[in-house]
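First the structure, in the form of structure tokens, and then the observations on it.
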Amino acid sequence: MKSTTKVAKADSGEARPVSVVPEKGGGAGVFGVKVWRSRLFAFWKKFLSLEGAPSVIAGGLAVGVFFALTPFWGIKTVLALAVAALLRTNPVAAFIGLTAFDFITPLVPLMLRFQYDTGYWLLSEPHAFPPEIEWKDFHPKSFFRWDVFVGTGIPLLVGSFLWAFPAASAVYFCSFSLLQKRKNRAAKQAPSPEGGQNFPPP
């Protein structure tokens, strides 16, 4: 928590502190808990306000979550919107699902390592985890070598898809169930043309 010291001048002209007032805002900043909590709440309200069939909205959200867990940096948004349009899902829901996962940004290196380990284990024969990275032998220029790119990129993509598909599927079914229940509840509460309430058929 930050504090502010107020300064007053005495008759002699010398500045002296007179009070210390603590400032509010704990958890503020780019990675503050309150910041991300408010952002997620805003995304959630926006998601619930979307118009359309529950399957369309839930499908768009699932597409966004899928690409949020992949290493397609720089083109994630384009890919998510393109796939959402191709599958005829809600593009706004796809964007919400994509950007809502920004809170995992500090954990991206750990996530990438986990995805790479998973893909490497799945593609290796016999199955084995990759050796430990020796940072003393690491050179940024090596990423531009084709053999290094293929040897690292393919296991990373396989591992990311392996975790993105189940996550996107879970998001789809959960959000679809929620939206369908909200739609049914709204239909029950809506007044009928005769002045009563609509009730589902027995």
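Computed quantities for the displayed model
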{"item": "Percentage, to the nearest whole number, of Cα pairs in segment 33-183 over 28 Å apart", "result": "30"}
{"item": "12 Å beta-carbon shell around PHE43, net charge (K/R +1, D/E -1)", "result": "+3"}
{"item": "Dipole-positive endmost among ILE96, PHE114, ALA53 within segment 33-183 (Cβ charges, Cα centre)", "result": "ALA53"}
{"item": "Cross-link table LYS34/LYS76; LYS76/LYS181; LYS76/LYS183; LYS45/LYS188, entries beyond 29 Å C-alpha to C-alpha", "result": "LYS76/LYS181; LYS76/LYS183"}
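Laboratory data are not the source of any read-out in this text; all were calculated from the coordinates shown. What you are looking at is a predicted structure, and each value in this text was computed from that prediction instead of being measured. Using ideal geometry, Cβ is built from the backbone for each residue, glycine included, and neighbour counts are taken over all protein chains shown.
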